[in-house]
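Working notes, beginning with the structure itself.
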Amino acid sequence: MIDVKKDKKFIYTIGIITSLIIITFLVSLNMGSLKIGVIDVIKTFLGQGSRAHEIALFRLRLPRIVIGILIGTALAVAGAILQGVTKNDLADSGILGINSGASLFVVAYIYFMNGNVYDGVSNFTVFTMPIVALSGALFGAFLIYILAWKNGINSSRLLLVGIGINTAFTSLLTIFQLKFTTQEFNRVLAWTSGSIWGTNWKYVMAVLPFILIFMWITLYKSRYLDILNLGDEVATGLGADVEKERRRLIIYAVILAGVATSVAGSIAFLGLVSPHIARRLVGPKHKRLIPTSALIGALILLIADTISRNLLAPMEIPVGIVISIIGVPYFIYLMLAD
């Protein structure tokens, strides 16, 4: 009876969040330097819009919105996995150094492949950036895991080591950015602060397979997150290979976070906040928590991107900064409440 009530609450929650995403999607399509009314949006989708409206919607806004949904989903699910594996409410790929490791590798790759970042990124670079970012994220996760290991993984030690690695990678990234010209430095700085400016359908196609595949795998493996939350001894007693499953789940989180970072730069706190909101709405069971976190992450990123594009238009605020304004107070609240 309890499960039936929780399932109904889960369905209602998913329905409400999905409705909010659709509303934000439509608002985001309308808003920008070129205002497009609802009727004109509909006409454009039916092939009866003006050339300017077609360019604004199909080439600029729509791919950016789709990327926002994918990135928000990936980072939120990565955060839910890391919080479940470490049993630590403060775990997040942005805090642990996974995002900064991916950013460091991507910036270095763009520099060596293109020479001049401001002139643009080649198609080859766009489709290989997720692999490069993944390599950087895995390198960061490997360092954290090795340095935090001491007769097993302690969640507090893992978090502290991750914060240290994040600081080191961020410092290296800043040093590396000094190789760029002033104009290039400003653009790279905006991207590393978290930005989905300039994305197009090529970026969507580059990250879509990774996010869809590992989202499905994570949902399939969600029961292991529930088992791990019972404690290592209980999980072992239930027949789970604790360290093996923990490593696999961390790898899934690293892949999702790394691929997201390859497109959007380092967006912190989204993976921290989304699972906490989802947990309050649908409870701790991961088969409900993961999809709810994914939708909340997508919604937060869409709202933040709409604000970042329009608050100081025609100037644009990096979306990562807008999310940090939301996330930092929540992070402080968690620290004080711990």
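Looking across the range 1-60 at every residue that is small (G, A, S) and touching a residue at least 60 places away in the same chain (Cβ under 8 Å), the one that is surrounded by the most Cβ atoms within 10 Å (Cβ to Cβ) is identified as S28. The residues of the range 155-195 that are closer than 17 Å to G136 by Cβ, of a type in the set (A, V, I, L, M, F, W, C), in contact (Cβ under 8 Å) with a residue 24 or more places away in the chain and out of contact with any Ser or Thr (no Cβ under 7 Å at 6 or more places or on another chain), listed by number, are I165, A168, L172, F176, V188, W191.
Can we say T306 is hydroxyl-bearing (S, T, Y) and modelled with pLDDT of 95 or more? Spelling it out, it is not the case that T306 is hydroxyl-bearing (S, T, Y) and modelled with pLDDT of 95 or more. Taking the range 208-292 and the helices (runs of 4 or more DSSP H) fully enclosed by it, the elements with 2 or more residues that are under 21 Å from the mean Cα position of the chain (by Cα) and either surrounded by 22 or more Cβ atoms within 10 Å (Cβ to Cβ) or polar (S, T, N, Q) (or both) are at 222-228, 242-264, 270-282. Return the pairs, sorted by first residue and then second, in which the second residue is surrounded by 12 or more Cβ atoms within 10 Å (Cβ to Cβ) and of a type in the set (G, A, S), the first residue lies in the range 310-327 and is without any contact (Cβ under 8 Å) to a residue 40 or more places away in the chain, the beta carbons are less than 6 Å apart, and the residues are 6+ apart or on different chains. Partner pairs satisfying both residue conditions: I317/S308; V322/A304; V322/S308. Here S171 meets each of (1) out of contact with any helix residue (DSSP H, G or I) (no Cβ under 9 Å at 6 or more places or on another chain); (2) polar (S, T, N, Q); (3) under 21 Å from V259 (Cα atoms) with one exception, condition (3).
Touching a residue at least 12 places away in the same chain (Cβ under 8 Å), among the aliphatic types (A, V, I, L, M) and surrounded by 24 or more Cβ atoms within 10 Å (Cβ to Cβ): does that describe V106? For V106, the condition - touching a residue at least 12 places away in the same chain (Cβ under 8 Å), among the aliphatic types (A, V, I, L, M) and surrounded by 24 or more Cβ atoms within 10 Å (Cβ to Cβ) - is met. Can you find a residue in the range 72-84 that is in contact with an Asp or Glu (Cβ under 8 Å, 6 or more places away or on another chain) and surrounded by fewer than 24 Cβ atoms within 10 Å (Cβ to Cβ)? For the range 72-84, residues in contact with an Asp or Glu (Cβ under 8 Å, 6 or more places away or on another chain) and surrounded by fewer than 24 Cβ atoms within 10 Å (Cβ to Cβ): absent.
For the range 26-39, does any single residue satisfy the condition of being within 25 Å of R223 (Cβ to Cβ), among the basic types (K, R) and not in a helix (DSSP H, G or I)? Looking for residues that are within 25 Å of R223 (Cβ to Cβ), among the basic types (K, R) and not in a helix (DSSP H, G or I), one finds none in the range 26-39, hence no. Does G297 count as in a helix (DSSP H, G or I), modelled with pLDDT under 90 and under 19 Å from the mean Cα position of the chain (by Cα)? Spelling it out, it is not the case that G297 is in a helix (DSSP H, G or I), modelled with pLDDT under 90 and under 19 Å from the mean Cα position of the chain (by Cα).
The values are calculated or read from the model by the stated rules, or taken from the named source; none is laboratory data. Treat the numbers as computed from the prediction; the structure is a model and nothing was measured. Ideal geometry is used to build each Cβ from the backbone, glycine not excepted, and the neighbour counts take in all protein chains shown.
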